[in-house]
Amino acid sequence: MSYQVLARKWRPRNFSEMVGQEHVLRALINALDNDRLHHAFLFTGTRGVGKTTIARILAKSLNCEKGVSSTPCGQCSACTEIDEGRFIDLIEVDAASRTKVDETRELLDNVQYTPSRGRYKVYLIDEVHMFSNHSFNALLKTLEEPPPHVKFLLATTDPQKLPVTILSRCLQFNLKRLPLPLIARHLGHILTEEGIAQEPAALTLLARGADGSVRDALSLLDQAIAFGSGKVLAEDVRSMLGTIEQTHIHDLIAALADDDATAVLARIEQLAEFTPDFAGVLGELLATLQRIAVAQAVPNAFDDSYGDREQILLHAQRIAAEDLQLFYQIALIGRRDLPLASDPRGGFEMILLRMLAFRPAPAGSVAIAATAGRTTASGGKPKVTSAAASPAARLATSPRAVTERSPIAPAKGAPPPASATVQNDWAGIVAALNLRGIAQQLAANCALQKQDADVIHLTLDAAHSQLYSKQQEERLQQALQDHFGSPLRLVLQVGALDNETPAQRAAREAAKRQQAAQQAIEQDPGVRALQDAFNARIQPDSVRPID
């Protein structure tokens, strides 16, 4: 006996075997059981979600010899012939092959005749949007007032191409793309029934590759079984689909979180050994960044189908929310532009390097504006130019540049007079710690209360209490120990502040410089001359100080 592909072998024979689409099944089951049947049904949705399958089950329910119901027996001649595709009163039509109006009229000429064997004559027209306008006009009158023994079941992937006159005469059911976990569970059930060894990670990869289509998932599953010599294993499926291990994606994100361009390029070099599809890698990176963003907002709500919960939560703690959004936006735009790159790998490298280049400076640092589009409140003569910031200025505002300009604290390994340094310039210490993400924001929004020997007491601004976690406190304590080269203990509490935090200090100094810059521009003779000559006005939000 010849092999039967899984997509045909496991095609549902009744409504109870259907996967998903409960919103459609509920309406059809109630209509069948309560004898409230419309004469025309339209099923819409993308490929492989069950449009024609539901239509055939509906035809079986209408013509089962046991009576009209939502549970056809599956044993009578009508049910078996419909399952085998040879029931004379189920007329299946591919609209793509019957685009001529003469063919449509020939088809509809037989509508008036009663069924040969069944209770109803059922017309199942697939991809009905492929009909020509003349064919739709020929169908319209019959569809509006069909004989009582006729039912029309229409299916399409593009309902927008159907005339509104057709749509208004049908009950429309929109079938949804199936979610990844549901498809993965269905594949697991089939493999269990078939007695085939499987790995959950492999099922997740197949479900993701199916993109919401059960039929595509079953076709991929057939291919995976053949590829793996009767087993469905994650490593084999990755090779078959050309995807990469999720650990490579996590390594890339960790390098981005560390602001380490060398590590980023090294990870890409490792990826290149597998000759991956870099557009696919970028898609995986986008999906992982989205899961991290969800984990930051609602820690228990992100998709854990990859089994990498710990890595996702770790990234969520290490990467600031604004950095994460920036990474996602750059990756999204980069995916669109990647085909324009002369080399896919080079384009991929530029996308990730762009994430680092445009990453904002950490909170509490001093922002340096570009000479183009900014004005100065000290030293040189003010300028009125465009508002764009130069790449050099962005480089000047990078975390490394800010750290190098920060007040010098004891080098790592040097014996501390740590107390005096901390007391004199807590903001400078914070800038020199080279922290990132939430830990850096935590330090910048803390005020130093006191230091007793090797114990540092900090108070976190109550307005930023969401930054606190035990893990972030431990990161800050470790950073202080590494900075001073000696054991230190950190005592951190949340409450009202007695002293100024580095973030508050930076905001105050920035406001002071901004005010001075505005005064300088307003008093500049050249600017006043322009105002007098052209009735010009200064746009306050275009004025920026230059350090």
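This model, with +1 at the C-beta of Lys and Arg and -1 at the C-beta of Asp and Glu, gives the chain a dipole about its Cα centre of some 1080 debye. Sequentially through the stretch 337-350, phi angles give Karplus couplings (6.51, -1.76, 1.60; θ = phi - 60°) of 8, 4, x, 7, 6, 5, 9, x, 5, x, x, 5, 4, 5 Hz, Gly and Pro residues having no value and appearing as x. When each of the peptides 148-156, 134-142 is scored by how many other beta carbons lie within 10 Å of its residues on average, the order from highest to lowest is 148-156, 134-142.
Size descriptors for the chain, from the alpha-carbon set: Rg then Dmax equal 33.6, 102 Å. Taking 22 Å as the limit for the C-alpha separation, the pairs LYS51/LYS100; LYS121/LYS161; LYS100/LYS176; LYS51/LYS176; LYS141/LYS176; LYS60/LYS161 exceed it in the case of LYS51/LYS100; LYS121/LYS161; LYS100/LYS176; LYS141/LYS176; LYS60/LYS161. When each of the peptides 433-446, 248-261 is scored by the mean number of other C-beta atoms lying within 10 Å of its residues, the order from highest to lowest reads 433-446, 248-261. Please say if the stretch 1-104 is rounded, prolate or oblate, where rounded means a/c under 1.5 for a ≥ b ≥ c the square roots of the C-alpha gyration tensor eigenvalues, and otherwise the choice is prolate for a/b larger than b/c and oblate otherwise? Rounded shape, in that the Cα axes give a/c under 1.5. Spatial offset of the stretch 216-241 relative to the stretch 87-163 amounts to 39 Å, using the alpha carbon center of each.
Mean sequence separation of contacting Cα pairs (under 8 Å, at least six apart), scaled by the length of the chain, corresponds to a relative contact order of 10 percent. When a 1.4 Å probe is rolled over the protein heavy atoms, the share of accessible surface on the stretch 1-135 that falls to carbon and sulfur comes to 44 percent. Helix 309-318 axis versus longest C-alpha principal axis of the chain: approximately 30°, rounded to the nearest ten.
In the context of the full set of protein chains, residues of the chain present 51 Å² of accessible surface per residue (probe radius 1.4 Å, heavy atoms only). Here the stretch 473-540 exposes an accessible surface that is 47 percent carbon and sulfur, computed with a 1.4 Å probe and the other protein chains kept in place. Of all lysines in the structure, those lying under 25 Å Cα to Cα from LYS450, and not within fewer than 8 positions of it along the same chain, are LYS412, LYS470. Between the stretch 8-26 and the stretch 262-336, the C-alpha centres lie 35 angstrom from each other. Dipole of the chain computed with +1 at Lys/Arg Cβ and -1 at Asp/Glu Cβ about the Cα centre; of ASN110, LEU497, PRO360, farthest Cα towards the positive end is ASN110. Counting protein heavy atoms only, the stretch 143-243 has 51 percent of its accessible area on carbon and sulfur, 1.4 angstrom probe.
A straight line joining the Cα centroids of the stretch 515-540 and the stretch 431-481 runs 43 Å.
Size descriptors for the stretch 208-268: radius of gyration and Dmax over Cα atoms are 15.8, 44 Å. Counted by Cβ distance under 9 Å from LEU442, the other residues give a net charge of 0, where Lys and Arg count +1 and Asp and Glu count -1. Only helices enter this figure: runs of n ≥ 4 DSSP H residues, each worth -39500 (n - 2.57), summed and divided by the residues of the chain, yield -15000 deg cm²/dmol at 222 nm to the nearest 500.
The values are calculated or read from the model by the stated rules, or taken from the named source; none is laboratory data. All of these numbers come straight from a predicted model, not from anything done at the bench. Positions of Cβ are generated from backbone atoms using ideal geometry, with glycine treated the same way; all protein chains shown enter the neighbour counts. For accessibility, only protein heavy atoms count, side chains too; no ligands or nucleic acids. Shrake-Rupley method; radii C 1.70, N 1.55, O 1.52, S 1.80 Å.
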